[in-house]
Structure formats: structure tokens, C-alpha cells
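Data block below; observations after.
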Amino acid sequence: MAEKITKKGDIKEIGKNASSLIESLLNKKPESVIGVTKEGNEWKAVVEVLERKAVPDTQDILGKYELRLDENENLLGYKRTALRRRAELGEEE
């Protein structure tokens with residue numbers, strides 16, 4: 001499945017569209033784009049997604065997803081790389 005995003009090479013637009021892509025793929029609300037990088041001929045975008053809403057919201061579960069896009073900005077794949085509670089700080093890589 002290859003989905004196209006707009007404005008080729010515009011890092012801000014890649015982040016926005018990665019957020020939209022993950023929302024349409026998972027039917028879950030994206031929280032934030034936490035990274036966009038160019039790696040060779042591919043783009044990598046990392047998006048945090050609300051996996052489970054909780055009360056209080058500090059107990060919400062967030063998933064971290066990595067999306068890979070080719071040089072023409074077609075979606076190559078995605079995977080969840082981490083889960084955390086909102087109150088927990090993310091790990092530095």
C-alpha cells in the first residue's frame with residue numbers, strides 16, 4: 001500500500017502528512033510528530049498516538065510509531081516502536 005503525501009521534500013509538510021497518514025491507518029488520534037529525518041533515499045517520521053484514554057490523563061497510553069517514506073514520499077511501511085504512559089518521560093535515543 002503506497003500513499004502519497006504532498007510538497008515533496010518539505011519537512012514541515014512531511015510531518016503534518018505523516019500525522020494524517022497514521023491517523024487514517026490506525027483510526028487513532030495522533031498527539032504529536034516527534035521527529036522527521038532523511039535517511040539515504042528515505043524519510044523517517046516518528047509520531048506519538050493516543051492508544052488508550054484514561055482518567056486521570058497522566059495515565060493515558062501513548063504509542064510511538066515510525067513511518068518510512070521513499071524518496072517520492074510514498075509510504076513504505078510503519079511500525080509501533082514503543083508504548084508509554086503520558087506521565088512517563090520518553091527515553092533518549
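The values are calculated or read from the model by the stated rules, or taken from the named source; none is laboratory data. Being a predicted model, the structure only gives us computed values, none of them experimental. Every residue, glycine as well, gets a Cβ built from its backbone with ideal geometry; the counts of neighbours run over all protein chains shown.
Do the conditions hold for GLU48, that is, is it at pLDDT 95 or above, of a type in the set (Asp, Glu) and touching a strand residue (DSSP E or B) at 6+ places or on another chain (Cβ under 6 Å)?
So GLU48 fits the description; yes.
Does VAL55 meet the test of being of a type in the set (A, V, I, L, M, F, W, C) and farther than 10 Å from ALA18 by Cβ?
Yes: the conditions hold for VAL55.
Do the conditions hold for GLU13, that is, is it surrounded by 15 or more Cβ atoms within 10 Å (Cβ to Cβ), on the phi < 0 side of the Ramachandran plot and touching a Pro at 6+ places or on another chain (Cβ under 8 Å)?
no
Could we say that GLY35 is modelled with pLDDT of 95 or more and under 9 Å from the mean Cα position of the chain (by Cα) here?
So GLY35 passes the test.
Only one residue in ALA87, ALA82, ALA45 is over 18 Å from ASN27 (Cβ atoms), of a type outside the set (Val, Ile, Thr) and not in a strand (DSSP E or B), so which one is that?
ALA87
Within the set of pairs 6+ apart or on separate chains, which have a first residue in region 43-67 that is without any contact (Cβ under 8 Å) to a residue 40 or more places away in the chain, a second that is of a type in the set (Phe, Trp, Tyr), and C-beta atoms under 6 Å apart?
Close Cβ pairs (under 6 Å, with a partner that is of a type in the set (Phe, Trp, Tyr)) amount to VAL47/TYR65; VAL49/TYR65.
Checking THR58 against (1) surrounded by fewer than 18 Cβ atoms within 10 Å (Cβ to Cβ); (2) among the β-branched types (Val, Ile, Thr); (3) at pLDDT 95 or above: exactly one of these is not met. Which one?
If we test THR58 against (1) surrounded by fewer than 18 Cβ atoms within 10 Å (Cβ to Cβ); (2) among the β-branched types (Val, Ile, Thr); (3) at pLDDT 95 or above, just (3) comes out false.
For region 72-90, check the following and say yes or no: at least one residue is at pLDDT below 95 and among the small types (Gly, Ala, Ser).
yes
Restricting attention to region 8-28, report how many residues are assigned to a loop (DSSP other than H, G, I, E, B), over 16 Å from TYR78 (Cα atoms) and not acidic (Asp, Glu).
Final tally of qualifying residues: 2.
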